[in-house]
1. Where does chain A land at 222 nm, in deg cm²/dmol rounded to the nearest 500, when only DSSP H runs of n ≥ 4 count, each adding -39500 (n - 2.57), divided by all residues?
2. Starting from the 7 Å offset along Cα-to-Cβ, what nm value, one decimal, do you get for the label separation of B:GLU166 and B:ASN187?
3. Who wins for biggest fluctuation among B:PHE75, B:PHE155, B:PHE120 in a Gaussian network model of chain B, springs between alpha carbons below 10 Å?
4. Less than 10 Å Cβ to Cβ from B:ILE139, Lys/Arg counted +1 and Asp/Glu -1: what total charge do the surrounding residues give?
5. I'd like the distance between the alpha-carbon centres of region A:136-176 and region A:55-74, rounded to an integer number of Å.
6. If you wrap a convex hull around the alpha carbons of region B:111-237, what volume per residue comes out, as a whole number of Å³?
7. Taking the rotation axis that maps chain B onto chain A, which residue of B brings its Cβ closest to that axis, and at what distance in whole Å?
8. Over the Cα atoms of the protein assembly as shown, compute the convex hull volume and normalise it per residue, giving Å³.
2 protein chains.
Amino acid sequence: MQIEICFSPSLIHLYEHRDSVVVVTDVFRATTTICTAFANGASYIIPVATEQEALAYKSLGHLVGAEQATERCSFADFGNSPSEYSVDKVNGKAIVFMTTNGTKAIKGAADCYQLLIGAFVNLQALTERILSLGKDVLIVCSGANGRICLEDSLFAGALTSTLLAEDGVEAASDGARMAVALWHQANRDFSNILMQSEHARRLIQHGFRADINYCLRRSIFGVVPELQGDKLIVRKE
Amino acid sequence: MQIEICFSPSLIHLYEHRDSVVVVTDVFRATTTICTAFANGASYIIPVATEQEALAYKSLGHLVGAEQATERCSFADFGNSPSEYSVDKVNGKAIVFMTTNGTKAIKGAADCYQLLIGAFVNLQALTERILSLGKDVLIVCSGANGRICLEDSLFAGALTSTLLAEDGVEAASDGARMAVALWHQANRDFSNILMQSEHARRLIQHGFRADINYCLRRSIFGVVPELQGDKLIVRKE
């Protein structure tokens, strides 16, 4: 099992991934929010890439989460803060979801063996699921408008390091080596380091400091959302 | 002075750099080779992006260095090994130069305040030159066919760390933080780490092991090649 990392969705065309497991991560906050919604009972989530699509779903009566430049879109029921997706709001519900980076990355990487949703909050369950599939893995970092970002790169390093503890897992690519080196460098102090990231500073400006701490909690959920057709679901055991 | 890093030439459009100093690096081997050619007396170098352009210059009688998939192009006078650009071959000569990644990165980033050529072999002189210009800096890693590569990312970290030792230099972007963290992690053992990189393994397969050690020597040259129009030159003091 080889692990490769695509640090920006703008580079996805350079990576052969049709027969790989793709893990899309957007730590701040889309993939953390998706995991939270499923942990709180959401039935399924339809990720969409554009505000127009989200608005079209809304006009058809769907429940919609949509974020633009950190804030909730005015037409939407939810924004991109995991704190909004509480049990009373999402249990048993289907949700259409659109964010600046994460849902675009999901749509752009969908042509693969199996697309999984990853974040610190489901790290352990995600690791187990990847190992059970036994395929090569491409970790796709959602980044920030195409640029590389610290939090997704560090998550890629954390996941790669965790997978490397297992027999038969290799991370020989430059990208995987870089992510693992970053993770080893940052691991001891990673909350403080991520608090300095561009995205964390932006979230704090917008009043979402609590979301940062939440997004950095590790393995608090056992859910591993996966893409089936145009829906994200959580497989029932 | 802010430092930002573009880890792949495929992401250059995402970075505002028209009023910045751009440093293009391709440690293995194009920018190391360019520095070597100037240190050995080359008068100027014309970087070109494609084999067709290099061939056209050759047919007009120019001296041409051209590399395709690590090897010298059959029509060319030189390949991309710095060892070929000896004083007896290049002193006083103009050279047209085309490589898989480095010269494409130069052409793609040329629209800036001043484009400089960087590698470990001219790290100290490059640092002094950047500080004397006093502009924001974008370090452009040439990568490998658009993918991020270890050696250029580590060089970006080395250069950023060196610049950060000076007053008034900031590296607050996620990219700069990542490169510096990587450099701190790899610094003590960086020759061994880079020997494991994808590019180093490919160079060894092609018989260029000596080039790797050469490309990792630090600050052996005082030259800082810069782009003037379509030519790389070294400014006479």
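1. Numbers: 10 runs with 90 residues, N = 237.
-10500 deg cm²/dmol, from helical runs alone.
2. Going from the B:GLU166 label point to the B:ASN187 one covers 1.8 nm.
3. Taking springs between Cα atoms under 10 Å, the residue moving most is B:PHE75.
4. Cβ neighbours under 10 Å give a net charge of -2.
5. Centre-to-centre distance over Cα atoms comes out at 30 Å.
6. Numbers: hull volume 17.0 nm³, N = 127.
Convex hull of Cα atoms, per residue: 134 Å³.
7. Closest to the rotation axis on chain B: B:GLN185, 2.
8. Here the figure is 149 Å³ per residue.
Quick note: the coordinates plus some simple rules give every number you see, no bench work behind them. Because the structure is predicted, anything quoted here is derived from the model rather than measured. Glycine gets a Cβ as well: all are built from the backbone with ideal geometry, and neighbour counts include every protein chain shown.
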